[in-house]
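One structure below.
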Amino acid sequence: MRRGRIRVSIVGMETNMLDTDALPVLTGDIVTPDQPEWDLARRAWNLAVDQRPALVALPADAADVRAVVEYAIRTGLKIAPQGTGHNASAIASLEDTILLSTQRMRGVEIDVAARTARVQAGTLWLEVTEAATPHGLYPLSGSSPDVGVVGYTLGGGLSWLARKHGLAANHVIAIELVTPDGRLVRATADEHADLFWALRGGGGSFGVVTAMELRLLPHAAVHAGMFLWPYDRHAEVLRVWRDWTRTAPDEITTSCRIMHFPPLPELPPFLSGRSVVVIDGAFTGTAKAGAEVVAPLRALGPELDTWAPASPAALSRIHMDSEEPIPYLSETLMADALDDAALAAFAAPIRPGSPLMAGEIRHLGGAVGRVPAGAGAAGSLGGEYLLFGAGMLMGPESAAPVQAALAEFKAAMAPYGNGAAYLNFAERPADPATFYSDASYARLRAIRAAVDPDGRMVGNHPIPAS
Ligand SMILES: Cc1cc2nc3c(=O)[nH]c(=O)nc-3n(C[C@H](O)[C@H](O)[C@H](O)COP(=O)(O)OP(=O)(O)OC[C@H]3O[C@@H](n4cnc5c(N)ncnc54)[C@H](O)[C@@H]3O)c2cc1C
């Protein structure tokens with residue numbers, strides 16, 4: 001970091017010259033707007049987002065995080081913790097804000113006997129699933145290998161084992177964080193119990209998480225994979241899948257997608273330049289039991305059938321999510337039921353030639369719909385299906401068509417939505433009340449008011465103080 005006085009955008013300060021001599025000295029780093037590293041440091045995983053914070057802090061450890069929080073308190077700046085920026089598009093503004101990127105705080109320790117993982121704040125899911133694989137212990141990781149464990153879990157955490165085990169947030173044992181007033185605390189069911197409750201689903205409004213301890217699930221056998229058909233089978237596949245989800249056991253969690261791929265040499269031939277319909281997911285149980293469960297889907301004669309025994313690391317990749325930053329916009333909603341008209345309405349905006357690259361329906365229900373004992377703020381998700389549509393921004397001129405197509409998608413699905421939403425899938429500023437029950441939302445607001453009365457934390461979906 002350079003020392004001296006630099007010009008930054010800090011609204012409300014007498015001068016917008018920041019004295020960098022007063023910046024905290026970190027084991028990690030602080031990047032200021034005049035440095036060559038600035039553009040890389042402020043970059044989010046979703047490249048459609050142009051993040052313009054006052055500073056970027058890259059702490060190396062919890063002591064660094066404390067130093068940054070204390071600096072923010074001294075200067076009146078706010079703090080936006082960020083792991084990867086997968087959900088950066090939901091942040092309303094980074095004005096007067098230090099972007100605190102945990103990307104250098106990495107590390108996983110597996111306690112095989114206790115079946116737990118302790119992760120540093122910036123750890124990615126693939127780092128956990130790879131460490132857990134030799135032990136046959138499954139974390140409740142999501143569909144993307146490079147989503148951050150902490151951001152995902154603070155928002156709920158919908159995994160391929162979700163219908164069996166519920167949300168990942170409810171498998172957290174302990175969370176270490178620096179509170180907005182600069183204290184390093186460990187929150188568990190017994191210590192700082194209100195904070196522990198709020199953090200498990202309430203998002204990044206309550207402090208900067210420095211480490212998390214998670215329960216891992218032992219499974220002798222997990223089978224996972226995908227079925228793929230050409231796009232012209234989509235109506236039939238959607239209907240059969242929807243019918244099948246009505247009686248599918250909790251042991252299986254699946255998603256059904258329509259996808260359009262541009263012709264790119266880096267894509268496998270079965271995807272490059274093609275429009276397809278895909279069902280993927282995971283089953284906890286033996287190959288024979290899994291084959292019986294997916295038999296009605298397999299009877300549709302998929303062109304590709306990749307179902308096979310899956311390690312925790314393999315589960316991280318069945319969905320083929322991009323492992324490189326990409327620019328895109330999205331829309332989401334939740335539904336209790338999808339009749340044939342709803343399926344047709346879902347598919348219509350995701351037609352070939354549409355600016356939308358993908359439309360997805362994830363099957364919820366099972367344990368995702370039941371609040372377990374000792375749950376946090378997101379005990380369950382209130383809907384049977386989670387819907388998602390996304391379009392890539394191939395250049396500035398593609399923003400308007402993608403936005404129009406997303407508006408069409410949202411309007412088409414609105415009659416079937418149940419008014420609820422899932423924090424992690426909401427990729428633009430949303431009313432956080434839609435993520436929670438009324439009682440949970442009221443409790444979250446009261447806890448925010450108690451721990452962060454100055455509104456120092458800038459989360460992706462901030463909980464307002466009551
Ligand atoms: C390709 C893709 C696949 C996905 N698949 C799934 C899935 O299968 N299941 C699912 O549930 N979600 C999924 N998501 C959504 C994902 O869980 C959210 O985007 C989540 O917020 C990502 O966390 P992150 O830390 O990577 O992102 P970030 O944008 O870095 O963080 C999101 C928010 O988390 C909070 N946060 C992060 N780190 C900290 C910290 N150390 N302290 C305090 N607050 C913090 C902040 O409020 C931050 O704004 C997916 C997203 C993408 C883009």
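The values are calculated or read from the model by the stated rules, or taken from the named source; none is laboratory data. Model, not experiment: these values are computed from the prediction. Every residue, glycine as well, gets a Cβ built from its backbone with ideal geometry; the counts of neighbours run over all protein chains shown. The accessibility values were calculated without ligands, DNA or RNA, using every heavy atom of the protein model including side chains. Shrake-Rupley method; radii C 1.70, N 1.55, O 1.52, S 1.80 Å.
Laid out as a table, the results:
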item: Listing of strands (runs of 3 or more DSSP E) fully contained in the range 15-126 that carry 1 or more residues being modelled with pLDDT of 95 or more; result: 29-31, 55-58, 78-82, 97-101, 108-111, 116-120
item: Members of the range 419-466 that are open to solvent by 20 Å² or more (accessible area, probe 1.4 Å), basic (Lys, Arg) and under 18 Å from LEU195 (Cα atoms); result: ARG443, ARG445, ARG456
item: In the range 417-464, the residues that are of a type in the set (Gly, Ala, Ser) and either within 20 Å of LEU386 (Cα to Cα) or within 16 Å of the ligand (Cβ to nearest atom) (or both); result: GLY417, GLY419, ALA420, ALA421, ALA426, ALA430, ALA433, SER437, GLY455, GLY459
item: The range 409-418 - residue that is open to solvent by 20 Å² or more (accessible area, probe 1.4 Å) and not in a loop (DSSP other than H, G, I, E, B) and, of those, nearest to ALA342 (Cα to Cα); result: TYR416
item: Residue count for the range 74-100, restricted to those that are of a type outside the set (Lys, Arg) and either farther than 25 Å from GLN120 by Cα or within 13 Å of the chain's Cα centre (by Cα) (or both); result: 15
item: Extreme residue, farthest from the ligand (Cβ to nearest atom), among residues of the range 199-218 that are more than 13 Å from VAL172 (Cα to Cα) and not hydrophobic (A, V, I, L, M, F, W, C); result: PRO218
item: Residue satisfying all of: in the range 86-109; closer than 21 Å to ALA62 by Cβ and crowded, with 22+ Cβ neighbours inside 10 Å; farthest from the ligand (Cβ to nearest atom) among these; result: ILE98
item: Residue match in the range 346-353 (condition: within 21 Å of LEU271 (Cα to Cα), surrounded by 14 or more Cβ atoms within 10 Å (Cβ to Cβ) and not hydrophobic (A, V, I, L, M, F, W, C)); result: yes
item: Subset of the range 135-161 (residues that are assigned to a helix (DSSP H, G or I) and more than 8 Å from the ligand (Cβ to nearest atom)); result: HIS135, THR153
item: Residues located in the range 50-85, provided they are near the ligand (Cβ under 9 Å from one of its atoms) and open to solvent by 10 Å² or more (accessible area, probe 1.4 Å); result: PRO81, GLN82, GLY83, THR84
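Matching residues to (1) under 29 Å from MET394 (Cα atoms); (2) open to solvent by less than 30 Å² (accessible area, probe 1.4 Å); (3) without any contact (Cβ under 8 Å) to a residue 40 or more places away in the chain:
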{"position": "PRO218", "(1), (2), (3)": "no, no, no"}
{"position": "ALA224", "(1), (2), (3)": "no, yes, no"}
{"position": "PHE227", "(1), (2), (3)": "yes, yes, no"}
{"position": "TYR231", "(1), (2), (3)": "yes, no, no"}
{"position": "ARG239", "(1), (2), (3)": "no, no, no"}
{"position": "TRP244", "(1), (2), (3)": "no, yes, no"}
{"position": "THR253", "(1), (2), (3)": "no, yes, no"}
{"position": "HIS260", "(1), (2), (3)": "yes, yes, no"}
{"position": "GLU266", "(1), (2), (3)": "yes, no, yes"}
